[in-house]
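Report on one structure; see the data block that follows.
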Amino acid sequence: MENYIETNHLDFSFGKLKVLNDLSINVSAGSIYGFLGPNGAGKSTTIRAILGLYKTNGNHIRVFGESINTNRLSILNRIGALVESPTLYDHLSGYDNLEITRKLRNLSKNRTSEVLKIVNLQQDAKRPAKQYSMGMKQRLGLALTLLSEPELLILDEPTNGLDPHGIIEIRELLLRLKKERGTTIFISSHILSEIERIASHVGIINKGSLLFQGTLLELREIGVSTVYIETSELEKGLKLLQKNNFPLAKLNKSNMIEMDIENKEEINKITRLLVKNDVPIFGISNSKKDLEQLFLDITKEN
Amino acid sequence: MTLSIITLKNSVFTEITKQKKTLALWGTILAPLFVVFVNFVIFFSHPELLAKQDTNPWLKIAGNAINIYTILMLPLLITLVAFIVNNVEHKANGWKHLFALPVSRTTVYTSKVIITVAMVFLSLIIFDVFIILSGKLLSVLNPEINFGNFAMNNEIIITSIKVFLASLLIITIQFLISINSKNFLVSIGIGVAGTIGTSMLLSWQHSDLIPYALPMLASQGLYKMDLSFFKGVIFYSLIGSIVVFTAGLFLIRNKNIN
């Protein structure tokens, strides 16, 4: 599948401070790519570099297959971007705010009312933006990005500071865009649970380095999970396992053998080993760490 | 091509929209109005200052107002307008949005300079209109002032065009400062310091080197009835403003936008 965003061993520094380190991300067309990382991980820097707001050398960043350094304006013409808090001229109405971007993009006049409808702000369009609630401001910011019906949306923490209701609204809107228009969405967040609900792909960044990239399913797969085994031969089973690649197997309080495994294949290995050596298995279960825990583990390790 | 006429036109229009209801637009109207009003009050309450036979009362009415305007009000107005035109983006976190649109940085920068220059030009037109109206009003209210057949409309207009050209250097300097600094104190501070410092240095033999003195120096032809444009101060302003404009453009094109 075609990659809409591609960074190829991207480095970026502010003076001597290195903020992005050998970052290679691929956002394929039609995906919703969740770009995850704790605050200060380099998410906004990456987004600014992709948009050409930060100057990078060479052709490490390609969008729609073209280098941002040689085709910036034609790339930006196909992108809608919301970088951190939305740009709103407080003294102007929501309508005028949209008109400014519409004129700069040279779009037809009806687009303004169309996007107002999409984000459900028709009623408040004539009010000055300074009277808007946080959620309305964020929706207006999103409307700005939708004016040009972009093929690619780049959203930097679009639900920051929103209440649960506002978060749900934005989430549903994004899912609708993807479904109805096939919009590719690159969305950053520091909250995994938010991304989990909409993303098809995930990239996890910490301290400027990419720690994981893949589908949401793949992320769940790599997760360490814990296996519990019920048996009448606790001692024998435990020694067997410890000798055969599971040195950390242990007895837990509820008299089960407990150990961490890396993937599902290992469950197969464990059962074969035990059965082969005549350790009866009365029960085997595995508990998965939830994604939240996984995300914390991944970003902590680094 | 980084600067297309259509996008530039659109961009200038959006800058006009952004200035709706801002202090900048009021400043361009109120600054000349204030100076002309005070000037009017002075000559209305002291008509004897104008009552001499054989001297053109317009020379005093216009000259006095132009002096105050060019020495103090105009540089301060330029400082304010350049600050507001850029602060509208600083305040709204607008730069990152503007520069992530398919519009070149050159276009955005140029249209903002154009709107700043246009507001200064507008203030000078308003100034001319007010000056001429205030003189007419004086002649009606104080028939003892000898307006006779004297008229100076052309001279006033030509002088203010010269003042406009001579103010381009201050405009580009204040613009360069304001686009690069969010800080109110930096841009306004430098403008106020430049203006007041200059007013104290006017008698200095090299005062024609100070950018903030150029509008006043360009206006002095009014007294000598010398209306030629080919003066050192105007050349200095034109060439200087091209240099500063280009430097500002270079900076903004290569800047990392937060």
- [ ] Please name all residue pairs, on different chains or six or more residues apart, with Cβ atoms under 7 Å, provided the first residue is in segment A:57-75 and is assigned to a strand (DSSP E or B) and the second residue is open to solvent by 50 Å² or more (accessible area, probe 1.4 Å).
- [x] A:ARG62/A:GLU6; A:SER67/A:ASN59
Open item on the list: Given the criteria touching a Leu at 6+ places or on another chain (Cβ under 7 Å), open to solvent by 10 Å² or more (accessible area, probe 1.4 Å), assigned by TED's automatic domain parsing to the domain that holds A:LEU104 and outside any loop (DSSP other than H, G, I, E, B), does A:LYS137 qualify?
Closed with: yes
- [ ] Determine, yes or no, whether A:PRO158 is open to solvent by 10 Å² or more (accessible area, probe 1.4 Å) and not acidic (Asp, Glu).
- [x] no
Open item on the list: Just checking: which of the helices (runs of 4 or more DSSP H) contained wholly in segment B:1-109 hold 1 or more residues that are within 14 Å of chain A (Cβ to nearest Cβ) and under 26 Å from the mean Cα position of the chain (by Cα)?
Closed with: B:5-19, B:23-45, B:74-92, B:94-98
Open item on the list: Are there strands (runs of 3 or more DSSP E) fully within segment A:192-302 with at least 2 residues that are outside the structural domain of A:GLU169 (by TED's automatic domain parsing)? List them.
Closed with: A:225-230, A:257-261, A:283-288
Task: Extreme residue, farthest from B:TYR236 (Cα to Cα), among residues of segment B:136-159 that are within 22 Å of the chain's Cα centre (by Cα) and open to solvent by less than 10 Å² (accessible area, probe 1.4 Å) - done: B:MET152
Open item on the list: Looking at segment A:90-112 only, could you name the residues that are surrounded by fewer than 22 Cβ atoms within 10 Å (Cβ to Cβ), over 13 Å from B:ASN10 (Cα atoms) and facing another protein chain (nearest Cβ under 8 Å)?
Closed with: A:ASP90, A:HIS91, A:ASP96
TODO: Any chance you could count how many residues in segment A:13-55 are open to solvent by 10 Å² or more (accessible area, probe 1.4 Å), part of a strand (DSSP E or B) and touching a residue at least 24 places away in the same chain (Cβ under 8 Å)?
DONE: 6
- [ ] Just give me the residues in segment A:58-81 being within 12 Å of chain B (Cβ to nearest Cβ) and open to solvent by 10 Å² or more (accessible area, probe 1.4 Å), in sequence order.
- [x] A:ASN71, A:ARG72, A:LEU73, A:SER74, A:ASN77, A:ARG78, A:ALA81
Task: Matching residues in segment B:58-86 - criterion: being open to solvent by less than 40 Å² (accessible area, probe 1.4 Å) and out of contact with any Ser or Thr (no Cβ under 9 Å at 6 or more places or on another chain) - done: B:TRP58
Task: Odd one out for A:ILE195 among (1) over 26 Å from A:LEU20 (Cβ atoms); (2) in contact with a strand residue (DSSP E or B) (Cβ under 7 Å, 6 or more places away or on another chain) - done: (1)
Open item on the list: On the basis of being open to solvent by 10 Å² or more (accessible area, probe 1.4 Å) and not aliphatic (A, V, I, L, M), does B:THR55 make the cut?
Closed with: yes
Task: Selected residue (criterion: farthest from the chain's Cα centre (by Cα)) from residues of segment A:226-258 that are crowded, with 18+ Cβ neighbours inside 10 Å and small (Gly, Ala, Ser) - done: A:GLY237
Open item on the list: For the structure I just gave you, tell me whether B:ILE114 is away from every other protein chain (no Cβ under 14 Å), more than 30 Å from A:GLY80 (Cβ to Cβ) and either crowded, with 24+ Cβ neighbours inside 10 Å or not hydroxyl-bearing (Ser, Thr, Tyr) (or both).
Closed with: no
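Residue-by-condition table, conditions (1) within 23 Å of B:LYS18 (Cα to Cα); (2) under 23 Å from the mean Cα position of the chain (by Cα); (3) of a type outside the set (Phe, Trp, Tyr):
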{"residue": "A:TYR33", "(1), (2), (3)": "no, yes, no"}
{"residue": "A:THR45", "(1), (2), (3)": "no, yes, yes"}
{"residue": "A:LEU53", "(1), (2), (3)": "yes, yes, yes"}
{"residue": "A:GLU84", "(1), (2), (3)": "yes, yes, yes"}
TODO: Would you mind telling me which numbered condition in (1) farther than 24 Å from B:GLY191 by Cα; (2) touching a helix residue (DSSP H, G or I) at 6+ places or on another chain (Cβ under 7 Å); (3) not aliphatic (A, V, I, L, M) B:LYS136 fails?
DONE: (2)
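The values are calculated or read from the model by the stated rules, or taken from the named source; none is laboratory data. All values derive from a computational prediction rather than experimental measurement. Using ideal geometry, Cβ is built from the backbone for each residue, glycine included, and neighbour counts are taken over all protein chains shown. The protein model used for the area step is the full one, side chains on, heavy atoms only, and it has no ligands, DNA or RNA in it. Shrake-Rupley method; radii C 1.70, N 1.55, O 1.52, S 1.80 Å.
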